[in-house]
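Below is one structure, written out as structure tokens; the observations come after it.
The values are calculated or read from the model by the stated rules, or taken from the named source; none is laboratory data. Values in this document were obtained by computation on a predicted structure and should not be read as measured data. Cβ placement follows ideal geometry from the backbone for every residue including glycine, while neighbour counts extend to all protein chains displayed. In case anyone asks, the SASA skips ligands and DNA or RNA and just uses the protein heavy atoms, side chains included. Shrake-Rupley method; radii C 1.70, N 1.55, O 1.52, S 1.80 Å.
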Amino acid sequence: MAATPAEQVRDRVLAEARAISPAALAYDRTITVTQAGGSEKATQTRVDRWDGKAWTLVSVDGKPPSPGDVTKYRKAASAANVPGYHRLTTLAGAAATTDTQGRTVLRLATLPKASVITSGKDVSEHFIAEAVVAGGPRPYVQQLRLTARAPFRMMLVAKVESFVTVSDYRLDGNTPRLVRQVADIRGSMMGKDGTQRVETIFTYR
């Protein structure tokens, strides 16, 4: 059967994502983590850098990182994916439809492994994905939303009640770029309820 217009857009978007290599990217990433539980609230901001080959921790709360910061960071970075438009290849096999505004929407009910990694754990099996493609003659994914379909447990002592990650993309010239990610998590650990918000801004070099 011939592909529908929405499926043709999906295939074009995925082909472009496959053509982008992490080695071709260079950006600074500013990550602000805000945790709250009961009357307690804490915020930390760190800046790191991807140069196409490796990660470097630049600062923690505006100061040079300590040796302990660097050691902890390297361990976490080694298990993490390199964010970018290329990661949209995880949408291969997504159902493609058209919404009321005429935009193509891609939905995936089961994510492949290593699509969502948090605290060094692969939790992809718990998530669904929905991507909205910008309308017009230059299709590209404008926003990707990953949502946990139900509460789940991590590390036995932690329960995630809700987990939503929203990634925003913009055109840089004619190249689509990941520019912002926000993850909102609500859950409990050892009986204590809390929330975590992680906002990440990407500045390309």
Quick one: angle between helix 67-78 and the longest Cα principal axis of the chain, in degrees between 0 and 90, rounded to 10, please. 30
Tell me, what is the per residue accessible area of the chain in Å², probe radius 1.4 Å? 57
Given a 1.4 angstrom probe, I'd like the percentage of the accessible area of the range 5-204 that is carbon and sulfur, rounded to a whole number. 52
Measuring from centroid to centroid over Cα atoms, what is the spacing of the range 156-186 and the range 52-88 in Å? 17
With each label point set 7 Å from Cα along the Cα-Cβ vector, what nm distance links residue 172 and residue 77? 1.8
Could you state the orientation-averaged shadow area of the convex hull built on the Cα atoms of the range 94-145, in nm² to one decimal? 4.1
Report the equivalent ellipsoid semi-axes for the range 5-204 in whole Å, largest first, defined as the square roots of five times the eigenvalues of the gyration tensor built from alpha carbon atoms. 29, 22, 14
For the range 91-205, report the convex hull volume of the alpha-carbon atoms normalised per residue, in Å³, without decimals. 123
Cross-link pairs beyond the 29 Å C-alpha cut-off, checked among 53/159; 41/113; 41/75: 53/159; 41/113
If you build the convex hull over the alpha carbons only and average its shadow over all orientations, what do you get for the range 153-196? Give it in nm² to one decimal. 3.5
Just want to confirm a number: the relative contact order over the range 5-204, from Cα pairs under 8 angstrom separated by 6+ residues, in percent. 20
